Structures are given as C-alpha cells and as structure tokens.
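The block underneath contains the structure these notes are about, expressed in structure tokens.
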Amino acid sequence: MSVPNQTPYIIYNANGLTTVFPFEFYIINASDIQVTINGTPVTSGYSVSGAGNVGGGDVIFNTPPANGSVVMLERVVPTYRLTDYQDNGDLLADTVNKDFDRLWMAIQRSFIYLGLALRRPLFGGPFNAEGYRIEKLADPVNPQDAATKNYIDNFSLVRTLRVPESSIGMLPGVSGRRNLLLAFDSNGNPITVLPESGSAADVLILLAELDGLRRIGTKVNYGIPAGSSLTEGLTFAFDNVKGWLRVGGADVLPLDDERNFWRGLPDPKNSWWNPALIGDYSASFNRNGAAYAVYSSTFGHDCVTYGVASLAGGAGSASGDPDNPVNPSESQGYCSFAFGKNVIALGAKSAAFCEESDALSRAAFAAGYRTQARKGLSTDPGGEASDGIGATALGENTRAAGDGAFAAGKNVQAYGGSIAIGSGINDGNPAVNSHKDSVMLFAKSLIPGIAVVPGGGGLGDPSRVGVHTKYPKEIVDVVLEGGGRAALRIPGTGTGKLLLQGTDNNGNPLTIATLEWTSANGGSAVGTLKINMNNDAACIELSTAGMVALKNVKTLGEISGAPAGTIYKDASNFLKIV
C-alpha cells in the first residue's frame, strides 16, 4: 500500500470527558504513533486501533485527559532500517512496501519540521521568523550579532544619559541646536539657549525668526482675576509637539453641563490641563471647552467635542457620541457642527443649532427649540427603518426621522422620509406624517389640510392629493366629515368657471364642459349657474328662484337617431322626451 499525502499529526483540546481521539493518517504499527499531553510524551494509559489502515484509527485513553490540556497525536517512525534483506532470500511485496512506506513517512515528517525552521529565501535576504519570538539566545559577542533584551536592558541602556521619569521630551533638531547650549525649562524638558557671550540683540534676532515662537514658554496661567468666578484662572497653553491650543478661562469642573454631555470623558476635571481630555491638533477657546477628539475645536463655554474634525460652540453643546467616545467612527460626529445652547450633532457631517436641538444621523440638520433629526426606527409610526441621511427638523418641538425626512413648524413630526409642515395641537398632541415619501400641511390640527402622497410608483403615475385626509384614495380626494362644506367663492360681482378639458394631438387644451358661476350682486346670494358643453355651447342655466333653462334644445328632426330619454322640442316649443 502506498503512503498518501497526509498530515501526519493532529491536535486536540481535551474537555475532561472524551477518551477517544481519532487520527486520520496511515500507521504501520501501533508503536508508530507518539502521544503527547501538553508537550510531554506519554507511553501508557491508552490503546491504539487502526494500525495498517490508510484512513487512520483511534487512540483510546483509559482515563480522559484533563480539561483544557492539549493532546497531540503524531506519526513518528524509526529513522533506521528495520528489515535486513538476505542473499537469495524471499523478496515479498508486503515486506518491501512497508520498508519503503517507513522511508516516505520519515521524509514527510522531516519536511513538516523543515517548514517550522528559521529560514531565508534561496536567492538571499534575511531570515524570517514569521512573527514568532526566538528565545534562549546568547548575548552578542561580535558587532553583527543579534542583541537580546537582557543585553539591551542591562548593558546598553546603562551607558546612556537617563532620567528617573518614564519619559523626557525630545531634543531639538540640528537647526534648533546649532551654536546653542542645552538647558532645561521649569518642567525639566530640554531646550536650547544662547551661549553666555550672546547679547540681547542675538535673542531678538532668534525670536524674530519664523519659528521664534518655539523659544517662548507655551503654558501660562495668569491666575484668577479679582472678582472672577474662575477656579483655575486665565490661561494660554500651546503644545508644539501635539499641536493643541487652549486660550481663555478654565474651572476644575464644567459649570453648565445641563444635558450631561460630558459623561463620555475619562474624567471631566481640569479639561484644559488633563492630557487625557485633550485631542491632538485641537483647540479650545473662551471657558471650559473640552476638545477631546483630534482636529476638533470648541468655543463659548462648557462645550465638548467627541467627533473628529468637529466644532462645538455656545453653551453646553457637543459633537459626536458621549456614550461611545473611545473609538469614534464616521457615524459619530465626524466633521459635525454644534452651536447653541445644549445642542448635539452626533451624526457624521451633521449640524445642530439654537437650543436643545439634536442632529443624530448622517448629514442631519436640526435647528430651533427641541428639534430632532434622526434615523428611522421600526418602532416609529409607519415602521419605516432607515439611516436618517439628510433628515431635517426646524422650528419648535419637531422631529424628522428617516432618509430625507423634513419637519418644519411647531409640534410636527415626519417619519419614513416624509415631509410635515405646519403645526399640531400642542407638545403632547403633535401633527404626525407617517406616510412614506409624502408631503402634508397642518394648521393647528392632527388632520392635514393638504396631503400629497405617492401614486402607483411608475414613471407616469401622478401623485394623489387629499384635502382633509392623510390617505387620499383618488388622484384628488376631498373628505368632508361631520357636515363639513367646500366652497368656490366669487368675490363681489363677477364670474368664475370650472373647466373640464381634454387635449388635442399636440397637447393643447380643449374644453369639453364648463361650469360657469355669475354673481350679479356682491351684496347678496344672487346669481346663475351655466353648464356649457363642447365648444362652450350653452346647455343648462340655473338662475334665481330655482328657474332652470335648457339652452339650444333641438327639434326631433335635429336629433334623429338620438337615444331614448333625449329631450327635444316640438313645433310649439313644448319639451318632449324620446
């Protein structure tokens, strides 16, 4: 039997219960399999089945290996010959095959271990440890020997200039050290100074250079001015390594965090001096700003930025997500803008303005008082869930939820990407548009005065328009409930018309029928109603005192072939019916 191309080992993690561990490789004798537990070979306490079976067999333990231990079954054949062939002796196929099988089994195992060796490419280049550590190395002797951690810690570092602190600032570059002396500022950080023989003129020349600012102190606390409520004093601070800037006044704790937006900071204390609260390349101006994210800025007082490259200004406002500030993603305030009183711009590229406005989704916009633009949720009215991209809420107590949703006015809400404009009853009874992709106008009511909803959805399908209904069933649907009335009013003395039109082949309008109202007296309900048919020919006229006039009634000869029920006049102008 030939030796197949198999992986001659298998590794298990024991669970403390299992005693049977299968192997799927060919062994000739039971002694050809080596069993190890946690790297230690074991030679007893188990039995082996499947010897001679090319598909493998099982190792059966008398007692289950301990839970969590690593059990490895590996084929290990002798690396010497077991068979000595004799002159003129029998050359049996089974004996020869097994002899060659052991040879190939040994070769397979050698190639596996060769693959675990520290190697380099045949064409040259360095040895590649493939991310693994190399342990138990000797300390280096020759210049090109590899250095061990012990050597670096105990021989190399002891020859360097050291400080007791865990770190020290970097020395200036060549241009900053040239012809100058090394000194240390009050914080122990390295600086360069002019030689003793330098003059005041030399100092002024250096300060006048483009990079002269780096020779000036970058942290100044001017103390608390008389009569001020500050607890930390007026401050100017600039870090020329991390690029952050703080200008204004600071307190130990924020004074105006009414919506608890500072809850996401590691420690809200000393927001201008605690490095854990200062983002690289950030800037805070005025009072108590916490520009926490990189590239962000705050203005006003008690504002905080969790969003990368965001702005927060006013009082108690925030960008980004206070509940997930450690690893802000694009959905958490990236490039957002919050300005006003207690507003938050949480969505990426979102903006929130005025007072207690929330822009919570991507590219959302919220402005006014207690407005909210956010994602659409399956629990919303209408049940339409979406990312809320571009949702816009304006006015007072408005909400826009869903992609493209728009709510403007007072106490109105738009869901499912719809548009709601106008006003509801009050805070507890807002006007709600939950009809996806529709437009509704409200006026101190929960029922829209006008609703425009999608039609059939095809390219040629018109929208449906409803009056006093959220759900128009027809192209134009006027709902008059509870004795409601609809009026077409002619102001004063004049004429009004309602036309029923068709179109010719060129799309030009053709009048089929006309309803014409004439008011002869603007001071009283007096007038006539005319119904004209094709080409505006007079047909019926209803006038004062209920009089009805039939215009252009034909004779029997003129209506020859007319259907039953047609009115005609005889020779004496009496009306008759066919």
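Values in this text are rule-based calculations from the coordinates and carry no lab data. Predicted model, so just to flag it, every value in this text is computed and none were measured. All Cβ positions, glycine included, derive from the backbone under ideal geometry; neighbour counts span all protein chains shown.
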Query raised in the report: Using 7 Å Cα-to-Cβ label points, what is the K569/T379 separation (nm, one decimal)?
Result: 7.5 nm
Report task. Over the residues of region 51-188, compute the C-alpha Rg and express it relative to 2.2 N^0.38 Å. Result -> 2.10
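Restricting to the chain, compute how many DSSP beta bridges are antiparallel as a %, nearest 5.
Close to 50 percent.
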Query raised in the report: Using the Cα atoms of region 494-577 to build a convex hull, what is its mean projected area in square nanometres?
Result: 7.7 nm²
Query raised in the report: So what J values fall out for region 117-133 if you push phi through Karplus, 6.51 cos²θ - 1.76 cosθ + 1.60 with θ = phi - 60°, rounded to Hz, Gly and Pro as x?
Result: 7, 6, 10, 9, x, 4, 7, x, x, x, 6, 10, 7, 6, x, 8, 6
Report task. Can you tell me the dipole magnitude for region 133-177 around its Cα centre, using point charges on the Cβ only (Lys, Arg +1; Asp, Glu -1), in Debye to the nearest 20? Result -> 100 debye
Requested in this report: Find the Cα radius of gyration of the chain, compare it with 2.2 N^0.38 Å by division, and give the number to two decimals.
Outcome: 1.84
Query raised in the report: Under 5 Å between amide H atoms, partner at least 5 residues away or on a different chain: which partners does G376 have, H built in plane at 1.01 Å?
Result: S386, D387, G388, G402, D403
Query raised in the report: Toward the positive end of the charge dipole of region 25-176, about the Cα centre and with charges on Cβ (Lys, Arg +1; Asp, Glu -1), which of F111, P172, N154 goes farthest?
Result: P172
**Report entry** Local net charge near G264, Cβ-Cβ under 9 Å (Lys/Arg +1, Asp/Glu -1)
**Finding:** -1
Query - Those residues of region 51-85 whose amide nitrogen sits under 18 Å from the label point placed on L103, 7 Å along Cα→Cβ - result: 77-85
Query - Cα Rg, Dmax (largest Cα-Cα span) when computed across region 9-56, Å - result: 11.0, 29
Report summary line: Computed, not fitted: 222 nm per-residue ellipticity of the chain from DSSP H runs ≥ 4 (each -39500 (n - 2.57)), nearest 500, equal to -2000 deg cm²/dmol
Query - Debye log10 I(q)/I(0) for region 9-115, one point scatterer per Cα, at q = 0.12, 0.15 Å⁻¹ - result: -0.47, -0.68
Report task. Please go through region 58-87 and write out the chymotrypsin sites (Phe, Trp or Tyr not before Pro) that DSSP classes as loop and that have at most 13 other C-beta atoms within 10 Å. Result -> Y80, Y85
Report task. For region 324-412, run through the GluC sites (Glu not before Pro) and keep only the ones in DSSP coil with at most 16 other Cβ atoms within 10 Å of their Cβ. Result -> E330
Requested in this report: Among the listed pairs K444/K530; K341/K375; K349/K473; K473/K554; K149/K242, give every one whose C-alpha distance is greater than 29 Å.
Outcome: K444/K530; K349/K473; K473/K554; K149/K242
Report task. Considering only DSSP beta bridges where both residues belong to region 494-577, give the percentage that are antiparallel (nearest 5). Result -> 95 percent
Query - Residues of region 407-437 with amide N under 15 Å of a point placed 7 Å along Cα→Cβ from Y369 - result: 409-412, 424, 426-428
**Report entry** Derived scalar couplings ³J(HN,Hα) [region 294-305; Karplus, 6.51 cos²θ - 1.76 cosθ + 1.60; whole Hz; x for Gly, Pro]
**Finding:** 5, 6, 9, 9, 10, 9, x, 9, 6, 9, 9, 10
Report task. May I ask you to derive the FRET efficiency for V163 and L255 from their Cβ-Cβ distance with R0 = 45 Å, giving the value to the nearest 0.05? Result -> 0.70
Report summary line: Along the dipole axis of the chain (charges at Cβ: +1 for Lys and Arg, -1 for Asp and Glu; origin at the Cα centre), the most positive-end residue among W272, G68, G422 is G422
Requested in this report: Quick one: which residues, 5+ away or cross-chain, put their amide H under 5 Å from the amide H of A513? H built at 1.01 Å from N.
Outcome: L500
Report summary line: HN-Hα couplings for region 364-381 via Karplus (6.51, -1.76, 1.60; θ = phi - 60°), in whole Hz with x for Gly/Pro, come out as 6, 9, 9, 8, x, 10, 6, 9, 8, 10, 8, 5, x, 10, 5, 8, 6, x
Query raised in the report: Taking the Cα atoms only, what angle lies between the long axis of helix 93-115 and the longest principal axis of the chain, rounded to 10 degrees?
Result: 70 degrees
Query raised in the report: Measuring from label point to label point, each 7 Å out along Cα→Cβ, what is the S49 to L550 span in nm?
Result: 10.8 nm
Requested in this report: Could you check the simple spin-label distance between Q34 and K576, using points 7 Å along Cα→Cβ, in nm with one decimal?
Outcome: 12.6 nm
Report summary line: About its Cα centre, the chain carries a charge dipole, from +1 on Lys and Arg Cβ atoms and -1 on Asp and Glu Cβ atoms, whose size in debye to the nearest 20 is 1540 debye
Query raised in the report: Counting only residues 5 or more places away or on other chains, whose amide H sits under 5 Å from the amide H of F442 once H atoms are built in the peptide plane?
Result: I421, G422, S423, G449
**Report entry** Selection from L556, T495, I512, by position along the positive dipole direction of region 494-577 (Cβ)
**Finding:** L556
